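Reading through the structure tokens given below for one structure.
The values are calculated or read from the model by the stated rules, or taken from the named source; none is laboratory data. Please read all numbers here as calculations on a predicted model, not as lab measurements. Glycine also receives a Cβ, built like all others from the backbone with ideal geometry; neighbour counts cover every protein chain displayed. Calculation scope for accessible area: heavy atoms of the full protein, side chains included, ligands and nucleic acids excluded. Shrake-Rupley method; radii C 1.70, N 1.55, O 1.52, S 1.80 Å.
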Amino acid sequence: MKRSSGARIAATLTLSALSLALITGCSDEGSDDTKGAKDSKESAAASSAPAAKALTSAELEKLLLAKGDVKDYEVESGDDTLPKSKSDVKTDKAACDPLAWATAALAPGDTNANASNTVTAAPAASAGKDAADIESAFDVKITFVGLSSYDADGAEKALKTLSDGVTACSSGYGLKAEGENTKVTKVATAKASGAGDESLAFAETVDMDGEGTATFLTEVVRKGNTLATFYSVNLAALTDGSKTEIPAELVTAQVAKLK
């Protein structure tokens, strides 16, 4: 499904401004000998259990939010304004790479299994705005959703890398994507939804080409060995300096679809 021209204008301008990348007492049971034997058996059973295998990109595509999953939202598969690979997104601090990747709906960890789409809030029928009007084109909330899957404990490690990145990049970092440069001036932990097995959110303050700053939120949720990333933008919100919150209903619906 093609996004409306207004939504596409908003997405393109936002991603251009952000260089297309902006975007975590034991019980007493029997003798010590008995307990030791029991622990040994449990350890052996755990070690013999097969490690979790990453889903393929094709399998992840089927788990992305689809048309009709969330009321009042339109879904488009992928987005031609987003970077296509991690090599398209460069930062001046290696520790900040996972933050930039997550914000661009790319896998923040070490995996090639990745899928993404774009979810746009449907305009209110009572809004009475002309879609051709540039101001109304800005007043649309777009959420970029990415899924990535990992072998074994790769998802946990990726989330830890993101958490470490928030700390290491707290004073900001430089970002380059498709020839455009952006300066993130501050990174801080934000309140996460608490969805899934683990969740992490961070806020990035961005220099808007000398015209002040804007703050953008990203959330990453782990469900098993799959990570879901969420990043929302709305240019209309930037005019008053407010943050664009990530819609809770989208996070809930997407995480519910994960295995």
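Exactly which GluC sites (Glu not before Pro) in the stretch 167-259 are in a DSSP loop and have at most 15 other Cβ atoms within 10 Å? Filter output for the stretch 167-259: Glu178, Glu211, Glu245. Note on Ser193 and Asp164: the extension gain reaches 8.5 nm, defined as 0.36 nm multiplied by sequence separation minus the Cα-Cα distance.
Charge tally around Thr252: other residues with Cβ under 13 Å, Lys/Arg +1 each, Asp/Glu -1 each, net 0.
Rolling a 1.4 angstrom probe over the protein heavy atoms with all chains in place gives the stretch 202-254 an accessible area of 35 Å² per residue. Pairs spanning more than 32 Å between alpha-carbon atoms, out of Lys71/Lys183; Lys53/Lys191; Lys84/Lys191; Lys183/Lys259; Lys93/Lys257; Lys53/Lys243: Lys71/Lys183; Lys183/Lys259; Lys93/Lys257; Lys53/Lys243.
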